[in-house]
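J.: Shown below is the structure under consideration.
Just so it is clear, none of the values below were taken in a lab; they were calculated from the coordinates. In this text, all values refer to a predicted model and were calculated from it rather than measured experimentally. Counting neighbours? That spans all protein chains shown, and the Cβs are built from the backbone with ideal geometry, glycine included.
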Protein chains: 2
Amino acid sequence: MRVAGRSEVRLDIVDKVTGAARYASDAVVPGMAHAALVRSTVGHGVLRGVDTAVALAAPGVHCVVTMADFPDVDPFYGEWVRDQPFLARDRVRFIGEPVAGVVADTEEHAHAAAALVVPDIEPLPVLGSAVESLAAADLVIHPDRASEDPELPNVCYRSSFEYGDVDAALAEATYVHDATYTFPAVYHYAMEPHAVLATWSSDGLDVISGTQQPFKVRADLARIFNVPLGQVRVRAPYVGGAYGSKGQSKYEPVTAAMARAAGRPVRLVISIGDAFHTVSRHHATIRMRTGIGPDGGIVGRDTVITYDTGAYADKGPRVARKGAYRAAGPYRIPNIRSVGLSVYSNRVPAGAFRGFSTPQVVWAGESAIDEIARHLGVDPLGYRRQHLKRRGEPFLGDDSPLDADLAEGLGVTAEALGWGSSVPTGRGRGLAVGVKDGGGGAARSEAEVRLHPDGSVEVLAATSELGQGAKTVMGQIAAEVLGCQLADVQVRLSDTAVTPFDRGTNASRSTIGVGAAVERAAEGVRRQVCQAAEEVLGISEGLILDGSDIVVGEHRQPLMELVCASRKLPPEEIGAYSATGFSGNPTGSGPLGAAAAFYEVGYSAAEVEVDPETGQVRISRFVSAADVGFAINPAACEGQDEGATVMGIGHTLLEELEFVDGELVNGTLVDYRVPRTTDLPDDFRSILIQNRDGPGPFGSKGAGEGGLLAVAPAIANAIADATGVRIRELPLTPERVWRAIQPVEPQES
Amino acid sequence: MRVAGRSEVRLDIVDKVTGAARYASDAVVPGMAHAALVRSTVGHGVLRGVDTAVALAAPGVHCVVTMADFPDVDPFYGEWVRDQPFLARDRVRFIGEPVAGVVADTEEHAHAAAALVVPDIEPLPVLGSAVESLAAADLVIHPDRASEDPELPNVCYRSSFEYGDVDAALAEATYVHDATYTFPAVYHYAMEPHAVLATWSSDGLDVISGTQQPFKVRADLARIFNVPLGQVRVRAPYVGGAYGSKGQSKYEPVTAAMARAAGRPVRLVISIGDAFHTVSRHHATIRMRTGIGPDGGIVGRDTVITYDTGAYADKGPRVARKGAYRAAGPYRIPNIRSVGLSVYSNRVPAGAFRGFSTPQVVWAGESAIDEIARHLGVDPLGYRRQHLKRRGEPFLGDDSPLDADLAEGLGVTAEALGWGSSVPTGRGRGLAVGVKDGGGGAARSEAEVRLHPDGSVEVLAATSELGQGAKTVMGQIAAEVLGCQLADVQVRLSDTAVTPFDRGTNASRSTIGVGAAVERAAEGVRRQVCQAAEEVLGISEGLILDGSDIVVGEHRQPLMELVCASRKLPPEEIGAYSATGFSGNPTGSGPLGAAAAFYEVGYSAAEVEVDPETGQVRISRFVSAADVGFAINPAACEGQDEGATVMGIGHTLLEELEFVDGELVNGTLVDYRVPRTTDLPDDFRSILIQNRDGPGPFGSKGAGEGGLLAVAPAIANAIADATGVRIRELPLTPERVWRAIQPVEPQES
């Protein structure tokens, strides 16, 4: 291969480095006005009204809107459960919930006037966490929504999987490991907060938004405003990081509503502080019971995961369902029961976040398996390798067969860390493996590829360029198939009016979904060139596209000549060879209703040192291995793997959104602590496992999330190895570690 | 039919009426700078240098560029002859030619600094017209270009057609009519002058321009700046009128060059005064000799047309070629010779203009035929009807057969005027017919149609919406095929990165070219739906698309359900049914190298009154008939016909660009007189002839130019009928008419 498999420099690198790259917040249209949102300072309450009179009279204000201004719309959105109105209606459910919107001639005027809006809210008791919500039978956060469980009225969604007879298996087990793990709510920390520009015209609604899912947003807007799909246009320019925070609708509906009310284009750019109050990763509590048989085999696992979904469903139900499924884990366990609960609370809503439910359950499962191995007195690596599922076995039920050799991958990772060699004094080692069904279930991607007569290529595909390098990878795929250089390929960004349909940039699916569609479209173009060569030259066997030329055996000819001869048109009148391709994963098989497109596997191995004086954990060495099938752009894959690991170090050692009675108390870039360079491993190695066994182009798999899955248990297992102390609550802050490693003082009797 | 054939209200009407519609001059991008051009005040000279120092130091100036700043580019453009640099190089050739460009932070700063640039030009004698150029053997306007005729070094292009033996036919004729006609240079008078916004980035060059030919501009820019086609993007938003003035490259290359030099996006919006100095219609002198046989039949015609192309070729060569071809006229003439000359002069360049060479030759031909009929003492209508070619006969040589019954059409037109009834005292009547091979020869159009699962439709087609209603007509075509309402269809505007290839919005070809592509794409989508119905329901025979439903016999079902069942995907994961279609007119037959796609026929009949005191011509009645094949939107067709007629009245009675030694002396909206409502016919009738015999959707033909072709001779023929005086020079201003009708004073002997 010439282009695929090489660490090509990114197509957008110059614009990104020079600042020329344009994001949603850079978009400008004539006559544009600016918006600010008024947000609730009450965590739970009845919204009795909003006094907008003073704000409306403030300088530069065009209009002030509340939900009362939109009696004709269905304002609710949410992926499976549509419970979130774009402005609060009747009730407010979290601190930071938008209650009103101000449109003014400048951002300054909009914010100044927003401060003058007075919501009239009658407070209700705040349910500050899922634990409190589950206990509160009489206080219902969504009283107009029937709960699936009348005794647990604040459960948003419940999902369960059951295989075999878990109760019997645990009853007969020689050892039952029973532990509860907690995982913190964390912030996505995309560099770019949310920004939307909405314009209504005779052409319908045009929205520019830094979104991961332009087609999903289009569908939401069409439904909310009762506009045909064909008259909603959503464009996603460069997106400054997303990690799940920019999936489905976020601020697009409210901005479109304000634009409609104002009768002019409206731009809304929120602050980082407001982004903290938009969406988060689910806090989770995982109780996991694992039964061990007399031969050390795992006979059953019973897991209950409580995901704190916060005030609105967002993608919480899907997170709960996927989490319950993935809690089964990668080991051979004949009897499985998993229950995932998405539970409402008066916190910032939780939704999709890189790894999508999986870091939480891998944290539990890979901590538990380590505890079990240590309990059994066996090597955690050997124990895992013995019981991991084999390539070709389904992950669960009748789902797709595993497309990776987990034992081998874990072995490679452990070996790179020096597993089995002597551990320096004061240090410990741990490892873990995480598996996530990738590709997002039933999903369709389409792409169009155009080959111009000068040999240059355009790719139309709706993958959002989030900084992950999708644009470059799509270009490499097309260049590889079409025989040109990457520099000859232009990959256009998402625009629902023009780029063909795509489900969204999530679930590590761009390469295997959109990439496969690009590959097929490029192959379609190639076939057209061969057909033209057959017609014009009488030969096409062995045709090679070589930049602006075609080569068939000894024959070399400019592509332009062939196109003109084939189409019987002069050069200036010819178009491009164009073809579309699609990939899809139809519904109908597997426990999740659609078979896994592939399995994203992440292996982590850590060597740590714990400072007994401070509890500070220093990662002296870290190995991450990603099973990418085939690395179309190795540097980009390593970037994904490294970035995911660092993100994982965040929730492992440092990060936690702290809520007090539903109020986020550390929601600023100063108070919320993400990894700095000094927090990174002293020595880091990323390994790409490439067996060309993925469903994507050239055998590739998705690689966006794997590196994150197993970081926390690998580090916690290393801490346990170093200190003998097991901590089941993240993050492993110095204080928490220090408290855990203190010698237990003898109780006075 | 439900949607096609109805005068549907335009899709863009609200935005156009409210001012919300966006044109190129409305476009804004962050960091945008503004440009102004420095133009030559010398009509012909050697450019020795440009002093930019003072301008460069002026407030707000980013850069000042001359051609010396672009040693690496091939700066020339022009349709067949590339002789025009985007900034003058070595020589200046007309007053108004851009010599330098200034980029500054505001338009005001740019213009102020432009006034400080000092070109150093050594004047050369000015060749103020084609007549002067042809006479000047030693003064060559383009000395570095070899002329085809060494004795006529200022001929840009010469084209000739010859059938039979004209010399013999004229020698044997019983009567040879020999006359020379002149047609004025006129201004297009688009409401919107030219505007361009150019941005360079890692994605290449992005240009927003009010152009009729985005793909042609893309090709020019790719060649000039040596960038792959796939990395040049040209977007045409709404265009505020064009009439040919916005074809091929105009200000796109110079704006892109300034943006490259400035290192930032650059916006150039020119004034109406500068638009007068950009491009015009060709002044033409037509000598036509017509031989009549003893039975009154036309035995031969010999025509020489001298088109004054001005300083640069632009589309002049093609104009000369098409004009020579069309000078053969619609009558049965066995011996034909036509020569068309495109001649350089030091005037504003002439290029495409609605009717493209044809009003000039129809002016001559239809004046001549009238003169001949009057000479023979026969009714001009009857004489024409007797000798017009019949349906099915080729226009010339082996070109396509005529797809219209000219005698019948002319009869309908004459009858509507009351031809043959008594003429009120002091008035006269005249008629004329013009035929133009339509569609622009070899040309390809592609389109994509998408049917969304809610029954709404998107059309991607690169027709520029010039105000002619193309967007609406494309929507009607798609709606008709797909069974939805026009309101459910969204037609996106041209964007070379997304809308499929199209040759351009010219030659009355949008409906028959792009429209046919849209029709075929929509049919392709319909076939896909039928296929899905066959798969899912086992039936597709007689399937009807009815908005968001499909209907097969008694069975009615939402389209969404069918799509989901067919694609085995849930509603939120499905895309659209999408198909592409194309139309093309391959090269290889007909005298022009590509057979005519259709013939655009315009019939005009006028009744006029001439004020003997002032020479003022009043059009008391006017009938225009357009053979549109099928009127997809009758109101739009009538609008085209009426608008073309009014434009024709302009060059017939009022309009002329007046040059004195190459200097345009009436290039302002005050001095240049276009028709006002008081100049329009007292009674006007537009007739649409619909025999569904065109190549476009539902039998349609193009209808953008026909109304213009025969206006001048119809009016001149009516004046001759009223006064007995024949005037062969346009425009027929009061002074010219008054002079012509003065009784000839007896010469003193």
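J.: Could you tell me which of A:GLY164, B:ILE270, A:ALA716 has its Cα farthest along the dipole of the protein assembly as shown towards the positive end, charges placed at Cβ (Lys, Arg +1; Asp, Glu -1), taken about the Cα centre?
T.: A:GLY164
J.: For chain A, what is Rg from Cα atoms divided by 2.2 N^0.38 Å, rounded to two decimals?
T.: So the Cα radius of gyration is 0.99 times the expected 2.2 N^0.38 Å.
J.: Also, quick follow-up: If each of A:ASP661 and A:GLU613 carries a label point 7 Å out from its Cα toward its Cβ, how far apart are those two points in nm?
T.: 4.0 nm
J.: Ok, one more. Using only the Cα atoms of the protein assembly as shown, build the gyration tensor, take square roots of its eigenvalues as a ≥ b ≥ c, and label the shape rounded, prolate or oblate: rounded if a/c is under 1.5, else prolate if a/b is larger than b/c, else oblate.
T.: Prolate is the answer for the protein assembly as shown, as a/c is 1.5 or above and a/b outweighs b/c.
J.: Once each part is reduced to its C-alpha centroid, what is the distance from segment A:51-74 to segment B:155-213 in angstrom?
T.: One Cα centre to the other: 57 Å.
J.: Let me ask something else. Report the antiparallel proportion of the DSSP beta bridges in segment B:141-258 as a percent, rounded to a multiple of 5. Could you put the intermediate results ahead of the total?
T.: Values: 6 of 10 bridges.
Close to 60 percent.
J.: Now for a different question. Just to confirm a number: summing +1 for Lys and Arg and -1 for Asp and Glu over residues other than B:ASP26 whose beta-carbon lies under 11 angstrom from that of B:ASP26, what do you get? Write out the running numbers ahead of the final one.
T.: On the way: positive: B:ARG22, B:ARG267; negative: B:GLU192.
Net of charged neighbours comes to +1.
J.: Same structure again: Please get the size of the charge dipole for chain A, origin at its Cα centre, with Cβ charges of +1 on Lys and Arg and -1 on Asp and Glu, quoted in debye to the nearest 20.
T.: On the way: 68 positive and 95 negative charges, 114 e Å.
The dipole of chain A has a size of about 540 debye.
J.: Under the convention of a label 7 Å out along Cα→Cβ, give the distances in nm from A:GLY426 to the same position in every other copy, shortest first.
T.: Taking the point 7 Å beyond Cα along Cα→Cβ, the inter-copy spacings are 11.7 nm.
J.: According to a simple spin-label model (label point 7 Å from Cα along Cα-to-Cβ), what is the distance in nm between B:ARG739 and A:VAL118?
T.: 8.2 nm
J.: Taking each label point as 7 Å beyond Cα in the direction of the beta carbon, state the distances from B:THR18 to the same residue in the other copies, shortest first, in nm.
T.: The answer, with the shortest distance listed first, is 3.9 nm.
J.: Find how many whole Å separate the alpha carbon centroid of segment A:628-668 from the alpha carbon centroid of segment B:364-378.
T.: Segment B:364-378 and segment A:628-668 have Cα centres spaced 87 Å from each other.
J.: Run the dipole for segment A:443-584 about the Cα centre, Lys and Arg Cβ at +1, Asp and Glu Cβ at -1, nothing else charged, and hand back the magnitude in debye, nearest 20. Could you put the intermediate results ahead of the total?
T.: On the way: 12 positive and 20 negative charges, 109 e Å.
Computed charge dipole of segment A:443-584: roughly 520 debye.
J.: Let me ask something else. To make sure I understand, if each residue's beta carbon is the centre and we count other beta carbons within 10 Å, what order do A:ILE632, A:ILE305 fall in, fewest to most? Please report the intermediate quantities before stating the final value.
T.: Working: A:ILE632 31, A:ILE305 28.
The most exposed by this proxy come first: A:ILE305, A:ILE632.
J.: Using a 7 Å offset from the Cα along the Cα-to-Cβ direction at both A:GLN747 and B:THR182, what is the distance between the two label points in nm, to one decimal?
T.: Spacing of the two 7 Å Cα→Cβ label points: 11.8 nm.
J.: Same structure, new question: Once the label point is set 7 Å along the Cα-to-beta-carbon vector, what list of distances in nm do you get between A:ARG390 and its counterparts in the other copies?
T.: The answer, with the shortest distance listed first, is 8.7 nm.
J.: Here's another thing I want to ask about it. So how do A:LYS389, B:LYS322, A:LYS701 line up by other beta-carbon neighbours within 10 Å, fewest first? Provide the component values of the computation, followed by the final result.
T.: Working: A:LYS389 22, B:LYS322 25, A:LYS701 32.
Going from least to most buried by this count: A:LYS389, B:LYS322, A:LYS701.
J.: So, counting K/R as plus one and D/E as minus one, what does the shell of residues with Cβ under 9 Å around B:HIS177 add up to?
T.: Values: positive: B:ARG289; negative: B:ASP178, B:GLU371.
Surrounding charge for B:HIS177 is -1.
J.: Fewest Cβ neighbours within 10 Å first, please rank A:CYS63, B:CYS484 accordingly. Walk me through the numbers before you get to the answer.
T.: Values: A:CYS63 20, B:CYS484 25.
So the residues, fewest neighbours to most, are A:CYS63, B:CYS484.
J.: With chain A rotated onto chain B, spot the residue of A whose Cβ lies nearest the axis and note the distance in whole Å.
T.: Its Cβ sits closest to the axis: A:VAL498, 2.
J.: Compute, for the protein assembly as shown, the length of the dipole vector about the Cα centre, with Cβ point charges of +1 (Lys, Arg) and -1 (Asp, Glu) only. Units Debye, rounded to 20.
T.: Numbers: 136 positive and 190 negative charges, 177 e Å.
With only Lys, Arg, Asp and Glu charged at Cβ, the dipole is about 860 debye.
J.: Now, a different point. Of the cross-linked pairs A:LYS16/A:LYS436; A:LYS216/A:LYS701; B:LYS315/B:LYS701; A:LYS216/A:LYS315; B:LYS216/B:LYS436; B:LYS16/B:LYS315, which ones have a Cα-Cα span greater than 21 Å in the structure shown?
T.: Working: A:LYS16/A:LYS436 31 Å; A:LYS216/A:LYS701 24 Å; B:LYS315/B:LYS701 24 Å; A:LYS216/A:LYS315 12 Å; B:LYS216/B:LYS436 23 Å; B:LYS16/B:LYS315 31 Å.
The answer is A:LYS16/A:LYS436; A:LYS216/A:LYS701; B:LYS315/B:LYS701; B:LYS216/B:LYS436; B:LYS16/B:LYS315.
J.: Beyond 22 Å, what percent of the Cα pairs of segment A:443-584 remain? Please list the in-between numbers first.
T.: Numbers: 3648 of 10011 pairs.
Of all Cα-Cα pairs in segment A:443-584, 36 percent lie more than 22 Å apart.
J.: Something else about it: Would you compute, from DSSP H runs of 4+ residues alone, the mean residue ellipticity of chain B at 222 nm, taking -39500 (n - 2.57) per run and dividing by the full residue count, rounded to the nearest 500? Let's see the in-between values first.
T.: Values: 19 runs with 195 residues, N = 749.
Estimated from H runs of four or more residues: -7500 deg cm²/dmol.
J.: Compute the signed sum of charges (Lys and Arg +1, Asp and Glu -1) over the other residues within less than 12 Å, Cβ to Cβ, of A:VAL343. Provide the component values of the computation, followed by the final result.
T.: Details: positive: A:ARG158, A:ARG347; negative: A:GLU132, A:GLU148, A:ASP149, A:ASP308.
Computed value for this residue: -2.
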